[in-house]
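Student: Take this structure, written in structure tokens, and hold onto it; I'll ask about it next.
The values are calculated or read from the model by the stated rules, or taken from the named source; none is laboratory data. What you see is a predicted model; the values in this text were computed from it and never measured. Glycine gets a Cβ as well: all are built from the backbone with ideal geometry, and neighbour counts include every protein chain shown. Ligands, DNA and RNA are excluded from the accessible area calculation, which covers all protein heavy atoms including side chains. Shrake-Rupley method; radii C 1.70, N 1.55, O 1.52, S 1.80 Å.
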Amino acid sequence: MSDFLLHSMGPKLADPSEIDGRKADEFRTAPLWGLGLIKKVNGSLQLMHDGRASSIDQAILLHGGESENSKDKFEKLSDAQKDQIVKYLESL
């Protein structure tokens, strides 16, 4: 699932190198299909544009910008609810 558009990811994820005139915190988000196979195929799970997240929940928590509200809602979930979301994302 992706719309292949540029999205503001917030200042914590900003990349100072300018590519195609985008802002430092804008990224073309990768599709989520196959997310659950990355570790099996690559031998490790490195998410985000620079590989800094080693788990799906860590990647969610690193988001800012346009997804700050969604990240905040994820943080408020119970551990069981978070696990359900991660399991769903791994099934894509």
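Student: Rounded to the nearest 20 debye, what is the charge dipole size of the chain about its Cα centre when +1 sits on each Lys and Arg Cβ and -1 on each Asp and Glu Cβ?
Tutor: Numbers: 12 positive and 15 negative charges, 58 e Å.
Value, rounded to 20: 280 debye.
Student: Oh, and also: Leaving out ligands, DNA and RNA, what percent of the accessible area of the chain is carbon and sulfur, probe 1.4 Å?
Tutor: On the way: 3410 of 6310 Å².
Carbon and sulfur: 54 percent of the exposed surface of the chain.
Student: Sticking with this one: Apply the Karplus curve 6.51 cos²θ - 1.76 cosθ + 1.60, θ = phi - 60°, to the phi angles in the range 36-52 and return the couplings in whole Hz, x for Gly and Pro.
Tutor: Once rounded to whole Hz, the list reads x, 9, 4, 5, 5, 6, 9, x, 7, 10, 10, 10, 6, 5, 10, x, 6.
Student: Find the lysine pairs in the chain meeting two conditions, Cα atoms under 17 Å apart and a separation of 8 or more places or different chains, and report how many there are.
Tutor: Details: 12/23; 12/71; 39/87; 40/87; 71/82; 71/87; 73/82.
Taking the chain as the scope, the lysine pair count is 7.
Student: Report the dimensions of the chain along its three principal axes from the alpha-carbon atoms, largest first, rounded to Å.
Tutor: Here the spans come out as 40, 32, 22 Å, largest first.
Student: Below 8 Å, C-alpha to C-alpha, sequence gap of six or more: please give me the relative contact order for the chain in percent.
Tutor: Values: 108 pairs, mean separation 28.8, N = 92.
With pairs under 8 Å counted, the relative contact order is 31 percent.
Student: With every protein chain left in place, what is the accessible area per residue of the chain in square angstrom, probe 1.4 Å?
Tutor: Values: 6310 Å² over 92 residues.
The answer is 69 Å² per residue.
Student: Another one. With the crude spin-label approximation of a point 7 Å out along Cα→Cβ, what separation in nm comes out for residue 24 versus residue 50?
Tutor: Each label point is offset 7 Å from its Cα along the Cβ direction, giving 1.1 nm.
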